[in-house]
1. Considering each residue of the stretch 1-12, count those that are in contact with an Asp or Glu (Cβ under 8 Å, 6 or more places away or on another chain) and over 14 Å from residue 58 (Cα atoms), and give that number.
2. Could you please give the count of residues in the stretch 14-30 that are touching a Leu at 6+ places or on another chain (Cβ under 7 Å) and crowded, with 17+ Cβ neighbours inside 10 Å?
3. Can you find a residue in the stretch 91-98 that is in a helix (DSSP H, G or I), closer than 16 Å to residue 18 by Cα and either modelled with pLDDT under 85 or aliphatic (A, V, I, L, M) (or both)?
Amino acid sequence: MGRFMAVDPGEKRIGLAISDETGTLARGLTVLNHVSLKTDCLDIFKLVQENQIIKIIVGSPVSETGEERPQTRHAQKIADTLGELSGLPVELWDENGSTQRARQIRIETGVKQQKRGGHLDEVAAAVILQSWLDSHLREGNDHE
């Protein structure tokens, strides 16, 4: 089995997380500074190759009314580009609440308040990936 990668696309930074080889635990990998769609996707693709990724999960905000937002279109463009570059399956996954959950994880794990600022992108990507992994484990399927 290979690993799964989550991408949390932001306006300034892109958080990345990968799973363990069993596809049950997510961990933050790195944060990339946003340059352009093409450059960002090429940088992500390099990490996909280095980490033997078999599927990419892209965090996408889902509005409660179902209307498309600019961030949703951006996530779809990243998903499409990564799919073309890698030839791998790419899935959009609801990212709502991931940043708030990442902040809560920092508190729960005892990160001192002075160090809690900073960027949560990598942790948020791990939250997105763990949510996806947990959902697919609950359904009892093999991450397809």
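The values are calculated or read from the model by the stated rules, or taken from the named source; none is laboratory data. Quick caveat, the model's predicted, so the values are computed rather than measured. Note that each Cβ is placed from the backbone with ideal geometry, even for glycine, and that neighbours are counted across all protein chains shown.
1. Residues that pass the stated criteria total 3.
2. Summing the residues that are touching a Leu at 6+ places or on another chain (Cβ under 7 Å) and crowded, with 17+ Cβ neighbours inside 10 Å in the stretch 14-30 gives 8.
3. So far as the stretch 91-98 goes, yes, one or more of its residues are in a helix (DSSP H, G or I), closer than 16 Å to residue 18 by Cα and either modelled with pLDDT under 85 or aliphatic (A, V, I, L, M) (or both).
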